[in-house]
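Notes follow the structure.
The values are calculated or read from the model by the stated rules, or taken from the named source; none is laboratory data. Here the structure is a predicted model, which means the values were calculated and not measured. FYI the Cβ positions are ideal-geometry reconstructions off the backbone, even for glycines, and counts take in every protein chain you see. These area figures cover heavy atoms from the full protein model, side chains too; ligands, DNA and RNA do not enter into them. Shrake-Rupley method; radii C 1.70, N 1.55, O 1.52, S 1.80 Å.
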Amino acid sequence: MTGIVVAVIDTEFVTVQPDVAVSTLAHEYQHMIHFNEKWVEHGVSSPTWFEEMLSMLSEDLLQDHLGLSDDGSPKSRSASFNATYWGSGVVDWLESDVLASYASAYIFGAFLARNYAGAELVQSIMANEYTGRQSITTALADLLNLS
């Protein structure tokens with residue numbers, strides 16, 4: 001993985017949907033942190049579902065601190081998940097239906113965060129040398145003192 005990744009937010013978008021724009025900034029900032037932690041520090045590349053799950057979790061975990069409504073957060077993806085969960089598994093990334101994939105990844109991450117230490121779990125996932133399922137199970141084992 002080489003090169004520069006640029007995130008652009010249209011000023012009209014900021015004006016029309018400021019909550020979504022702020023949430024998107026938190027999302028994209030996590031991508032930057034993720035790139036440093038996983039690729040630069042550990043030399044591993046993450047599957048799309050895993051990276052997007054963590055980015056949406058950062059939006060979710062920061063929502064109250066940023067003063068965002070549920071409509072401007074990943075929580076708004078719950079309806080999409082309920083309508084399409086049967087078509088997109090947790091580790092799938094469907095190019096034909098990325099919205100369903102975002103919803104599945106977010107709901108899985110939200111379940112984990114709400115049941116296993118929240119931000120502490122996300123921090124542990126980010127700090128370990130793995131990606132995907134291995135990163136999650138390693139973080140859970142560490143937090144639950146199973147390792």
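Structure values in brief
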quantity: Within a Gaussian network of the chain (alpha carbon springs, distance under 10 Å), most fluctuating of S135, S96, S88; calculated: S96
quantity: With Cα atoms, 0 to 90° folded angle of helix 48-66 axis to the chain main axis; calculated: 60
quantity: Estimated vicinal HN-Hα couplings, Hz - the range 125-133 in sequence order (Karplus 6.51, -1.76, 1.60; Gly, Pro = x); calculated: 4, 5, 7, 7, 8, 10, 10, x, 4
quantity: Whole-percent carbon and sulfur share, accessible surface of the range 8-109, 1.4 Å; calculated: 57
quantity: Per-residue HN-Hα couplings for the range 14-21 [Karplus 6.51, -1.76, 1.60; θ = phi - 60°; Hz; x = Gly/Pro]; calculated: 4, 6, 7, 10, x, 4, 5, 5
quantity: Karplus-derived 3J(HN,Hα), 6.51/-1.76/1.60, for each residue of the range 138-146, Hz, glycine and proline x; calculated: 5, 4, 4, 4, 5, 5, 8, 6, 9
quantity: Dipole moment magnitude, nearest 20 debye, the chain about Cα centre, only Lys, Arg, Asp, Glu C-beta charged; calculated: 360
quantity: Largest-first ordering by accessible area, 1.4 Å probe, given options D70, D60; calculated: D70, D60
quantity: Low-density loop cleavage sites - GluC sites (Glu not before Pro) in the range 57-147, where at most 15 other Cβ are within 10 Å (DSSP); calculated: E95, E129
